[in-house]
Amino acid sequence: METRERADAARNRAKVLAAAAELFAAGDPRSVTMEDIARAAGIGRGTLYRRYPDVTSIAAALLDEHERRLQERLLRGAPPLGPGAPPGERLAAFFAAMVDLLDGHSHLVLGAETGTKRFTVGAYGFWRAHVLALLREAGTPDPEALADTLLAGLAPEVFLHQRAHGVTPDRLTSSLSRLARAVTAPGP
């Protein structure tokens, strides 16, 4: 039996997510506190904590919809991002899509997936499984060791560091595309 969300709980959830989105976009998401979010949403801290245990869970809730759309495109979308293209082309398309996601939502990713949280929160497991499957399909040696290494370039801290040093999303996408094709190229 599916439990329906009460109307007041739905309103509070919407207020929390809207307030958090503004706070995350306004400055360093790592400095946003639960008290900041409760105050901006106009709700009590107890109400906030009943639904979200910490700031990371709020950032993850905001990021979740964007990640789900990308996951759907990876599973059922048109090639090269979706099935039907060679592994190197799919990996390059995945990197391009991730750069777009980071460029548009790095403040959320930074709030939800920094440090070791990256491996347990969000869609990291899905991204890793996707990269691993493409590496295996390409016959890339030791794909288990390489998958996390390839994803490290998409860590939010790395992305923002590169952007702060003048690396444009286009340059990053181009570099990652070359890397994708190189690691999936047939061996000697």
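Listing for the model above:
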| quantity | calculated |
| --- | --- |
| Mean Cα-pair separation over length for the chain, i.e. relative contact order, pairs under 8 Å, 6 or more apart, % | 22 percent |
| Residue 165-residue 78 pseudo-label distance in nm [points 7 Å out on the Cα-to-Cβ vector] | 3.7 nm |
| Note, ³J(HN,Hα) from phi for the stretch 159-175, Karplus 6.51, -1.76, 1.60, rounded to Hz, x at Gly and Pro | 4, 5, 4, 5, 4, 5, 9, x, 7, 7, x, 4, 5, 5, 4, 4, 5 |
| Two-decimal log10 I(q)/I(0) for the stretch 52-184, as the Debye equation yields it once each C-alpha is a single scatterer, q = 0.09, 0.11, 0.14, 0.15 Å⁻¹ | -0.24, -0.37, -0.60, -0.69 |
| Length-normalised contact order for the stretch 1-53 - Cα pairs under 8 Å, 6+ apart - percent | 34 percent |
| Positive dipole terminus of the stretch 55-188, leading residue within 161, 99, 62 (C-beta point charges) | 99 |
| Range in the chain, longest, excluding exposed GluC sites (Glu not before Pro) [loop by DSSP; at most 13 other beta-carbon atoms within 10 Å] | 6-188 |
| FRET efficiency for residue 18 and residue 85, using Cβ-Cβ distance with R0 set to 30 Å, rounded to 0.05 | 0.20 |
| Angle between the chain longest axis and helix 7-26 axis [Cα atoms, degrees, rounded to 10] | 60 degrees |
| Helix-only [θ]222 nm of the chain, DSSP H runs n ≥ 4, -39500 (n - 2.57) each, per residue, nearest 500 | -23500 deg cm²/dmol |
| Local electrostatic count at residue 15 - Lys and Arg +1, Asp and Glu -1, tallied over other residues with Cβ under 12 Å | +2 |
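We did not get these values from a lab; they are worked out from the coordinates using the rules stated. If you're wondering where the values come from, they're calculated on a predicted model, not measured in any experiment. We place every Cβ from the backbone using ideal geometry, glycine too, and count neighbours over all the protein chains shown.
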